[in-house]
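Have a look at the structure below, then the notes.
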Amino acid sequence: MTQALSLLQAALVFGTVILFGALGEILTEKSGNLNLGVPGIMYLGGIAGLAGAFWYESAAASPNALLGLLIALACSVAAATLGGLIYSFLTITLRANQNVTGLTLTIFGSGVANLFGGDMNKMAGGVGQISVATTSGAFRDTLPFLNGVGVLSGLGFMVYFAIILAIIASYFLNRTRKGLNLRAVGENPATADAGGVSVTRYKYLATCVGAAVSGLGGLYYVMDYIKGTWANDGGIANLGWLAVALVIFARWKPLQAIWGSYLFGALFWLYFYIPGLTRSSQELFKMLPYIVTIIVLIVVSMRKKRENQPPASLGLPYFREER
Amino acid sequence: MEGSVPAIRMRDITKTFGPTVANDRVKLDIYRGEILALLGENGSGKTTLMNMLSGIYFPDAGQIFVEDKEVSIRSPKDAYDLGIGMIHQHFKLVDVLTAAENIILGMTGKGRLDMKAVDDKIREICSLYGFDVDPKQKIYDMSVSQKQTVEIVKVLYRGAEILILDEPTAVLTPQETDKLFSVLRNMRNDGKAIVIITHKLHEVEEISDRVVVLRRGQNVGDVPTKETNAAEMTNMMVGRSVSLNINRPEPKNQKPRLVVENLTVKDIDGVTKLSDVSFTANSGEILGIAGISGCGQRELLEAIAGLQCVESGSVAYINPETEAKIELIGKDPCAISSMGVALSFVPEDRLGMGLVGNMDLTDNMMLRSYRCGNSPFADRKSPNSLAKRVVCELEVNTPGVSTPVRKLSGGNVQKVLVGREISSAPSVLMTAYAVRGLDINSSYTIYDLINRQKEQGVAVIFVGEDLDVLLELCDRILVLCGGKVSGIVDGRSADKRDVGMMMTKLGGEAGK
């Protein structure tokens, strides 16, 4: 029983990281931009938030938890948005290939993050010595009214923030005028353009806001899961790719991404709770989220519902005067 | 219309694309309560000119006045704000959205969507002009004519006073065209200004009040429709006299060449596309195939060419020399041609299946010939001279044979494709929509080419969409309706209305 509860809790924590990443990517892909730079952007968001908090806590005599939290959030969002901006400028303005740009951004993001992470480790006096206890504590605090409520106690506010963001994103896409315009941009930019929608603006905004949301996943991973330290073990990249898979799993629907992310989180950790696994058979279990994604792809293709397909112009550049 | 203020005045409009001048100092006036036909050959700059009114392109030079005020139309949104709405030839609709969602796409207003109010307003517009649109229907569930209606409602919803329609009838049946024209007349009588871009002269005569002719990007004529006639308009378009009658030589020496029996084809989803189709195509004859688009024309041609799996039935080819019957079903396209069976195929999707857009003319010619010869290196000389010959004979408007095909205008792409197919000297020539999007002059070039093939004893199967052309060109016409043969009629005696009925209903109207 405790095992199941602990798996559930791990699933919620990991699911939240994936959910942030996937929500950002859904917004981005709805504008027709296939940003494979999600892992890189999550890295950027994570390291920038950590660096901001580290800088604040080493400068202030008695760090304020709320201020540290806000600084971490602001730095994370700014860095991730910058990543989205690089991607947007290359693919939208310069019309570079989206796949290549995205993959490059992933490599760039992880490189930058591990470089600065290593530097911070050195400045702090060794691996695992970075201490942003106050800020990290603020991220990990259980909401006051949920203290001791079973599995929910021990979960920080970001878990609920992700769910709220998913609900907002779903409402935005399906019930608002701007959401309709955004969907049209991703499906058929020429049509949206002829209808008076500024395709470039929507693509830029969706990609940058999407990157900011994805970046929060990296921040949550750093502040909550590894408790405000830095490890260049590729953990963020793993979750980033899972986020990309989750977008497909959720069929580009934010609400489906909520339960999907927890399922992915649970599948990710399942090997830990199954007794008698060797190191190699563990790896088989780690494949589960991807296998589930493949199964979903197969089922979706067999059902052939147009609404379950990716945005029609996903991955394609748009140029109005193209003949 | 003399004396009244034009809704739009365009003055000295010039637009160039690289070295090509699309519009050269064009002057155009558009009046309210008038239907203006904009006539011209392919590449004469009609669509480009109108795209500058709808904000898709921006003119290099010149002025546009709306209601006597000079305006700068930088985006489609600017155009809508000025009351200008354009219905493009290729519909600008998002397939996975509903009619209502497409109609309000891009409009400003309250952030939260109130679809009920939108639906109500759409129904109001529909009842005003006599449209039939279900606001909740998804676009991918709609027929071509329904999609067009959504496009028209879309611009009316935005309060457009000036409507531009780019070749609206190209995809409609005669009955649907009549319906469209009556709606256009309603709108004209309501005081709206309407511009219709077309190549079909009889439509110009039927619907328009005034006609403006463009040739090579210049305005070469502006006359009331009543004071002109088809021959004069053609002369203006082409710049010289052209005979308007399609030549139809009597078929000579007819022999069965292709015998299709009980052909049934299902698509990948198991939907029946062709059911029990039987006919014989004779040498020295043009067999027309009529039908609403998507009624199995494509599947029929593809099944004969070996590109489509066949459920049941047979396609027998009769060798002209030995008179031996050869079954084509079950053979792949390569085997079919290597047996000496020559099937030339002009697919309806020009750039999708016929030609490779990013390759130049020579390379596209090579797609047919690269297997020839024993050398490990491909022969580029003969395709190159073939490309030059096609460019010269069919008057393809291109900077050279090394230009990527996608940069040519639709009509020129079509000429390249038809030219290549005919060059292989086939004994059965199948064409689908060979003149789609082509202007009069190029269409006649194509008809001549096809007639020449017929006189040489080729069995021609001509899938067309313009009934007038089918009735003038073809010796016999097979009418398809929902994948079934609705009837085979004689091209010389058939009546257009009857064929139109057969297209929508098996066997035409009951009892007729």
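All of (1) within 14 Å of another protein chain (Cβ to nearest Cβ); (2) surrounded by fewer than 17 Cβ atoms within 10 Å (Cβ to Cβ) hold for A:Leu314 with one exception: (2). The test for being within 14 Å of another protein chain (Cβ to nearest Cβ), of a type outside the set (S, T, N, Q) and buried (at least 17 other Cβ atoms within 10 Å of the Cβ) does not hold for A:Ala166.
Is it fair to say A:Trp259 is at pLDDT 90 or above, more than 26 Å from A:Asp141 (Cβ to Cβ) and open to solvent by 40 Å² or more (accessible area, probe 1.4 Å)? Here the answer is no, as A:Trp259 does not meet what is asked. Restricting B:Thr98, B:Thr47 to those that are farther than 20 Å from B:Thr14 by Cβ and polar (S, T, N, Q) reduces the list to B:Thr98. Taking the listed residues A:Trp269, A:Trp230, A:Trp252, A:Trp259, the one that is at positive phi and either hydrophobic (A, V, I, L, M, F, W, C) or within 14 Å of another protein chain (Cβ to nearest Cβ) (or both) is A:Trp252, with no other qualifying. Counting the residues of the stretch B:69-98 that are out of contact with any Leu (no Cβ under 7 Å at 6 or more places or on another chain), more than 16 Å from B:Gln148 (Cα to Cα) and surrounded by fewer than 18 Cβ atoms within 10 Å (Cβ to Cβ) gives 6.
So for the stretch A:216-228 (the condition being over 16 Å from A:Phe14 (Cα atoms) and modelled with pLDDT under 95), does at least one residue qualify? Within the stretch A:216-228 (the criterion being over 16 Å from A:Phe14 (Cα atoms) and modelled with pLDDT under 95), the answer is no, since none of the residues qualifies. Only one of the numbered conditions (1) open to solvent by 30 Å² or more (accessible area, probe 1.4 Å); (2) modelled with pLDDT under 85 is violated by B:Asn229, and that is (2).
For B:Ile13, the test of being in contact with a strand residue (DSSP E or B) (Cβ under 9 Å, 6 or more places away or on another chain), among the aliphatic types (A, V, I, L, M) and not in a strand (DSSP E or B) is failed. The set of residues from the stretch A:1-38 being among the hydroxyl-bearing types (Ser, Thr, Tyr), at pLDDT 90 or above and either more than 17 Å from A:Leu85 (Cβ to Cβ) or surrounded by fewer than 24 Cβ atoms within 10 Å (Cβ to Cβ) (or both) comprises just one member, A:Thr16. Would you check which residues across the stretch B:110-127 are among the aliphatic types (A, V, I, L, M) and without any contact (Cβ under 8 Å) to a residue 12 or more places away in the chain and list them? Residues satisfying the conditions are B:Leu113, B:Ala117.
A:Val112 falls short of the stated requirement of being hydrophobic (A, V, I, L, M, F, W, C), open to solvent by less than 40 Å² (accessible area, probe 1.4 Å) and under 30 Å from A:Leu5 (Cα atoms). Filtering A:Leu288, A:Leu297 for residues that are away from every other protein chain (no Cβ under 14 Å), of a type in the set (A, V, I, L, M, F, W, C) and closer than 27 Å to A:Ser31 by Cβ leaves a single hit, A:Leu297.
Residues in the stretch A:130-140: is at least one assigned to a helix (DSSP H, G or I) and either surrounded by fewer than 13 Cβ atoms within 10 Å (Cβ to Cβ) or touching a strand residue (DSSP E or B) at 6+ places or on another chain (Cβ under 6 Å) (or both)? No; the residues of the stretch A:130-140 include none that is assigned to a helix (DSSP H, G or I) and either surrounded by fewer than 13 Cβ atoms within 10 Å (Cβ to Cβ) or touching a strand residue (DSSP E or B) at 6+ places or on another chain (Cβ under 6 Å) (or both).
The residues listed here are A:Ala124, A:Ala138; of these, the one that is over 17 Å from the mean Cα position of the chain (by Cα), farther than 30 Å from A:Ala250 by Cβ and among the aliphatic types (A, V, I, L, M) is A:Ala124. The single condition among (1) within 24 Å of A:Lys178 (Cβ to Cβ); (2) open to solvent by 10 Å² or more (accessible area, probe 1.4 Å); (3) in contact with a Ser or Thr (Cβ under 9 Å, 6 or more places away or on another chain); (4) at pLDDT 85 or above that B:Glu101 does not meet is (3). For beta carbons closer than 8 Å, sequence separation of 6+ or different chains, a first residue in the stretch B:390-417 that is hydroxyl-bearing (Ser, Thr, Tyr) and a second that is assigned to a loop (DSSP other than H, G, I, E, B) and open to solvent by 10 Å² or more (accessible area, probe 1.4 Å), the qualifying pairs are B:Thr398/B:Leu408; B:Ser409/B:Asn42; B:Ser409/B:Gly43; B:Ser409/B:Asn397.
Only one of B:Cys372, B:Cys392 is open to solvent by 30 Å² or more (accessible area, probe 1.4 Å), more than 22 Å from the chain's Cα centre (by Cα) and at pLDDT 80 or above; which? Exactly one of B:Cys372, B:Cys392 is open to solvent by 30 Å² or more (accessible area, probe 1.4 Å), more than 22 Å from the chain's Cα centre (by Cα) and at pLDDT 80 or above, namely B:Cys392. If the condition is being open to solvent by 40 Å² or more (accessible area, probe 1.4 Å) and farther than 15 Å from B:Ser278 by Cα, then the stretch B:309-335 contributes B:Cys309, B:Pro320, B:Glu321, B:Thr322, B:Glu323, B:Ala324, B:Lys325, B:Gly330, B:Lys331, B:Asp332, B:Pro333, B:Cys334. Sub-7 Å Cβ pairs linking a first residue in the stretch B:82-97 that is more than 10 Å from every other protein chain (Cβ to nearest Cβ) and within 30 Å of B:Asp68 (Cα to Cα) to a second residue that is part of a loop (DSSP other than H, G, I, E, B) and among the β-branched types (Val, Ile, Thr), at least 6 apart or interchain, are B:Leu82/B:Ile73, ordered by first then second residue. The number of residues in the stretch B:119-140 that are crowded, with 18+ Cβ neighbours inside 10 Å, closer than 24 Å to A:Glu307 by Cβ and out of contact with any Pro (no Cβ under 7 Å at 6 or more places or on another chain) comes to 3. Every condition in (1) within 14 Å of chain A (Cβ to nearest Cβ); (2) at negative phi; (3) out of contact with any Lys or Arg (no Cβ under 8 Å at 6 or more places or on another chain) is met by B:Gly111 except one, and the failing one is (3). When residues of the stretch B:114-157 are filtered for being part of a helix (DSSP H, G or I) and more than 12 Å from every other protein chain (Cβ to nearest Cβ), how many remain? Number satisfying all stated conditions: 21. Residues considered: A:Ala190, A:Ala184. Of these, the only one that is within 14 Å of another protein chain (Cβ to nearest Cβ), open to solvent by 10 Å² or more (accessible area, probe 1.4 Å) and within 30 Å of B:Ile164 (Cα to Cα) is A:Ala190. Quick check on my filter: what residues within the stretch B:30-65 are surrounded by fewer than 19 Cβ atoms within 10 Å (Cβ to Cβ) and assigned to a strand (DSSP E or B)? B:Ala61, B:Gly62, B:Gln63, B:Phe65 - these are the residues of the stretch B:30-65 that are surrounded by fewer than 19 Cβ atoms within 10 Å (Cβ to Cβ) and assigned to a strand (DSSP E or B).
Let's see how each residue does on (1) in contact with a Gly (Cβ under 8 Å, 6 or more places away or on another chain); (2) open to solvent by 10 Å² or more (accessible area, probe 1.4 Å); (3) at pLDDT 85 or above:
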residue	(1), (2), (3)
B:Thr431	no, no, no
B:Ile440	no, yes, no
B:Arg452	no, yes, yes
B:Val458	yes, no, yes
B:Glu465	no, yes, no
B:Leu473	yes, no, yes
B:Ile488	no, yes, yes
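The values are calculated or read from the model by the stated rules, or taken from the named source; none is laboratory data. Nothing here was measured: the structure is a model prediction, and the numbers come from that model. Neighbour counts run over all protein chains shown; Cβ positions are idealised from the backbone, glycine included. Heads up: the accessible areas ignore ligands, DNA and RNA and are worked out on the full protein's heavy atoms, side chains in. Shrake-Rupley method; radii C 1.70, N 1.55, O 1.52, S 1.80 Å.
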